[in-house]
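Colleague: Input: one structure, supplied below.
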Amino acid sequence: MKKSHILAIIVIAIAIGIIVSTAGDASSYVSFNQAAELAQGGEADAVHVVGKLTKDTQGQITNMVYQPQVDPNHFEFTLVDNENRTQKVVYNAPKPQDFDRSEQVVVIGTMQGDHFKADKILLKCPSKYQENKLETKEYEAKTAKL
Amino acid sequence: MIHTTVGNIGHLFVLISFVTALVATYAYLKAALGQDDLSANQDWKRLARGAFYLHGIAIVGIVGALFYIVANHYYEYHYAWSYSSRSLPAEYIISSFWHGQEGSFLLWLFWNAVLGVILINTNKRWEAPMMTIFALVQAFLASMILGVVFGGSIKIGSSPFLLLRDAMPDAPIFTTNPNYVPEDGKGMNPLLQNYWMVIHPPTLFLGYATTLIPFAYCLAGLWRNEPKEWMRPALPWALFSAMVLGVGILMGGYWAYETLNFGGYWNWDPVENSVLVPWIVLVAAIHTMLIAKKSSAGLKSAIILSVATFILILYSTFLTRSGILGNSSVHSFTDLGLSGQLLIYMLAFVFLAGGLMVAKWKLIPSDAEETSVYSKEFWLFIGATVLCLASFQVLATTSIPVYNKIMESFGVVSNLAMPADQIAHYNKFQTWFFALVAVLTGVGQYIWWKKSGKGNWNALITTAMVTLFISGALIAFGQITKPAYMALLTTAVFAVVANGTILWGIIRGNYRLSGGAVTHIGVGLMLIGVLFSSGYSKVVSMNNTGLMISNSEDYTKNDNKENKENVILWLGQPQKMSGYMLTYRGQRIEIRDVPGYVPRNWVTTIDGDFHGIALRDIELNGKVYHKKGDTLALHPENTYYEVEYREPSGKIFSLYPRAQINEQMGNGGILPSPDIQRMLGKDLYTYVNSVPDPNSEGSWSPTETYRIAPKDTFFVNDYVAIFDNVVQTREVEGTQLGPNDAAVKAVIRILDKEREYVLTPAFIIRDRMVGRKAETSEELGLRLQLNEIDPQTGLFTFAANTTQRDYIVMKAMEKPLINLLWLGTLVLVVGFSMAAFRRYREFIKMRDKEAAPVVARKASAAPPKAISRQ
């Protein structure tokens, strides 16, 4: 066998490895119910859940707890997913500054018992200048690690 | 009044630039096809050249018209209104230019036109076929800003000269007053008001533009059946392009490091990735060009990679501008409705280049014998392969939203999402790929310079020993335990040592040849800098107050430790943290003509304006900048939070992390930016994560009253307070006491956790009138007033109001050896420049040699610029 063939086989093998691993690492968009099922099945991988915040008639967000005096790293809120399941979400980091204005929230994390523990939050805020456009902002609870 | 003329002129220039690009394409195409008939050929060439020059002039005209609109504050134009305002400092007027998508296309067009003119004048031999490609690209780019609507529904391009009333026809104001002109623009996103944002986009787009040159040369080479010859003129430009694009990417990273708060310079964001991929591919292409003369595999890959670089640049443009990344990226552009056009642009060149490659593939000679493992061809090819695999991995993940879109178009609902921990996902591959790259830079150089080869590995073994010694010491000293980090560190050190040895060897001969070694040293240094600053970034602000008053499972579990990385700092209350003593000193604001920051309560801001009024004399270091009552120009959207750091040695420095009220990121959102203490060995990076809303004035609680006697103890706002005694006083701030007036001060001690505060509210009898002077402690969020003195009972009545105490929630990190990353970048730039320069000299020499008889025949022809420079 020629060296170039060996090399080609190695390259193809690595490329397939990359694709398989990417597919394995890729997360998915699910509902809270699915997230709960996954967690019960022992799945520890983080999932994405899209939801809306609970708001009262004045448009104020309800069921939201952030008390920096007590613990600056604990933030709690309630999210309603597309299947209308209401779910408590806990985010172990400070409350994102423009959280109050966001319409849609994507939480990335896992279901843990009675709450969904979010490692990352993506906020969709109404853009002031573009009608019907939402802007995305990302927040993460963990430190960036190499 | 609406100034329509300048916009019409600008739009006319847009149309001219589009038409001239088409004319130039066609004429160059005719010139390239009609090789045989020389005179007609020359006519076509002259026409094409004229059209391209006219095209260049039109682009300068567009730039001029747009600049005129922005600089003169013509807010009737959508572009000026969207991206600039009267409060914008002059230097950012320039950057408002490329703030919008239309402007960035314009920037791309501009660089391409400049490069096209340079190439026409430096390389006549390749002019016709290469400039055909160039002009075609320009036609596509110009179509992006064309702003022409057909049949009311098909829109081609988005013009930067759109009037506001045409951009927003539904806005109610225009139905009542069609000639309405806004007083002021919306202004530039304050995040982008940063000096890096003045130079980062032009650099990046010059990088984009230069990737077209190797691509155009490559296609021209295939077209003219000269599959090898195109590389000599293309190589110096490819090196230049890699240098500029690399610098552009890193400038973006540096801006993010200074301005955003994700804590680093690289976030593996799709937008960042999409331009990293073509850069790595371009670097791989350069390596294959170096071996293409002797290796058929090298030649094939040089062709494929040169084409791929440009196609990937188009793919990157498509990803960032089509809105397809919407959910996955923090900073993708919104869709201007150009996605279809962008897709056509990309696919047109995919098919053009692909078709040409297939048609001419048989021209590529195959090797007589197989490449030896001891040849430089073998090692450079392996290097390029590893780089391609590394970029393929980034591309495969970054394209996840595209897979969903493709599935959707086939009617399949796909719910694939980006990996939840993107950084870990990418790093797990890239650490190893780049460890391999680092090894190959060293081995490749040894073999290139024939220091090593078959049966001669001694020199390399010595280098390896030195490397192991140094990296072993670093691993022990830095307490590095992860195998991946050990591997990366060792290999990066090897890259520096091996290339350093090579450099030492050749620099004494001919320093001009050392570009490769220098560049590789830069890569090694950058890898070490990245490894330490990201891998060993240490959180300084561990919440060690013991204030975890929650018994929920979350707080008791161990793995939450890493999330307790933010601390709360109360105004004026020192707190210890990782050896530093930190004190939050209060809110600060920046006055435009005063250096540094001043306390926010020294000025009052005017709503909706960038001016404010001084509430006291603004005096810093003995110099009075403004008198009380002066109107000042401020940056009112920025509030700085002074955090004083006291080192164990007693040295004190202050950092000013910022929170910005950013209208453009939504209504009144607050965006934090870090402040960085730069030290030789590390950076101390600090940012606020949460603050009380800087816009809301602190509201006071309802009054509570206390009737107490001296020496009594009472509770106020959860503090223990002791009413010590009452003393007579003649000094009451803000009041002049006459000879018949009297004043007393109550002395109240308030005990906080670590220190004691004394408040002395005063009670004044002046001209038989009772006056009360309350005292406020911002640190305690407390206001005390002495309301009544009852001489009969000896009881004193105090009124207390409380408010939210000022605080910040902040995070601080140490980033060790980050300066190695910046130093490595500089070295990399120097190396690429040296290599580009050397290859350009070779090209000039060869060109003049080939052209010598031709030049002799046409002695009257003016020598190209580049020759006169030599």
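Each value in this text was obtained by applying a stated rule to the coordinates, not by laboratory testing. All of these numbers come straight from a predicted model, not from anything done at the bench. Reconstructed Cβ throughout: ideal geometry from the backbone, glycine too, with neighbour counts over all protein chains shown.
Colleague: Which pairs, out of B:Lys300/B:Lys428; A:Lys95/B:Lys682; B:Lys711/B:Lys773, put more than 27 Å between their alpha-carbon atoms?
Modeller: B:Lys300/B:Lys428; A:Lys95/B:Lys682
Colleague: If I fit a long axis through the Cα atoms of helix B:458-478 and take the longest principal axis of the Cα atoms of chain B, what angle between them do I get, 0 to 90°, rounded to 10?
Modeller: With rounding to tens, the tilt is 10 degrees.
Colleague: Using the count of nearby Cβ atoms within 10 Å as a rough guide to exposure, how do B:Arg749, B:Arg224 rank from fewest to most?
Modeller: Placing the least packed residue first, the sequence is B:Arg749, B:Arg224.
Colleague: Is the shape of the protein assembly as shown rounded, prolate or oblate, going by the alpha carbon gyration tensor and its root eigenvalues a ≥ b ≥ c, with a/c under 1.5 for rounded and a/b larger than b/c for prolate?
Modeller: Judged from the Cα gyration tensor, the protein assembly as shown comes out prolate (a/c at least 1.5, a/b above b/c).
Colleague: For the Cα atoms of chain B, what angle does the longest principal axis make with the long axis of helix B:101-122, in degrees from 0 to 90, nearest 10?
Modeller: Taking Cα atoms only, the helix is inclined about 40 degrees.
Colleague: Still on this structure, please answer the following. Which entries in the list A:Lys3/B:Lys376; B:Lys651/B:Lys753; B:Lys45/B:Lys124; B:Lys294/B:Lys360; B:Lys228/B:Lys362 go over 22 Å, if you measure between the two C-alpha atoms of each?
Modeller: B:Lys651/B:Lys753
Colleague: Inside 10 Å of the C-beta atoms of B:387-399, what's the mean count of C-beta atoms belonging to other chains?
Modeller: Details: counts 0, 2, 6, 1, 0, 5, 7, 1, 1, 7, 7, 1, 1.
Taking all residues of B:387-399 together, the mean is 3.
Colleague: Could you work out how far the C-alpha centroid of the stretch B:350-381 sits from that of the stretch B:240-315, in angstrom?
Modeller: If we compute the Cα centre of each part, the gap is 21 Å.
Colleague: Neighbour counts of other C-beta atoms within 10 Å: give me B:Arg585, B:Arg772 arranged from fewest to most. If you can, show how the numbers build up before the last one.
Modeller: Working: B:Arg585 16, B:Arg772 13.
By the 10 Å Cβ count, ascending, the order reads B:Arg772, B:Arg585.
Colleague: Distance between the C-alpha centers of the stretch B:448-521 and the stretch B:147-196? Whole Å please.
Modeller: Here the two parts' Cα centres lie 56 Å apart.
Colleague: Scan around A:Gln104 for amide H atoms under 5 Å from its own, H built in the peptide plane at 1.01 Å from N, and keep only partners 5 or more places away or cross-chain.
Modeller: Long-range HN contacts for A:Gln104: A:Lys124.
Colleague: Based on alpha-carbon centroids, what's the gap between the stretch B:383-428 and the stretch B:698-741 in Å, whole number please?
Modeller: Value for the Cα centre distance between the two parts: 66 Å.
Colleague: Net charge around B:Ile382, counting only other residues with Cβ within less than 13 Å of its Cβ (Lys, Arg = +1; Asp, Glu = -1)?
Modeller: +1
Colleague: Stick to the Cα atoms of chain B, pair each with every other, and give me the Kirkwood hydrodynamic radius in Å at one decimal.
Modeller: One decimal place: 31.8 Å for the Kirkwood radius.
Colleague: What angle do you read, to the nearest 10 degrees and between 0 and 90, between the alpha-carbon axis of helix B:127-144 and the longest principal axis of chain B?
Modeller: The angle comes out at about 30 degrees.
Colleague: Taking neighbour counts of Cβ atoms within 10 Å as a proxy for exposure, in what order, fewest first, do B:Cys218, B:Cys388 appear?
Modeller: Exposure proxy ranking, most exposed first: B:Cys388, B:Cys218.
Colleague: For the protein assembly as shown, give me the percentage of DSSP beta bridges that are antiparallel, rounded to the nearest 5 percent.
Modeller: Around 95 percent antiparallel, to the nearest 5.
Colleague: Starting from one equal scatterer on each C-alpha and no solvent at all, send me the Debye-based log10 I(q)/I(0) for the stretch B:233-418 at q = 0.16 Å⁻¹, two decimals.
Modeller: For the stretch B:233-418, the Cα-only Debye profile gives -1.09.
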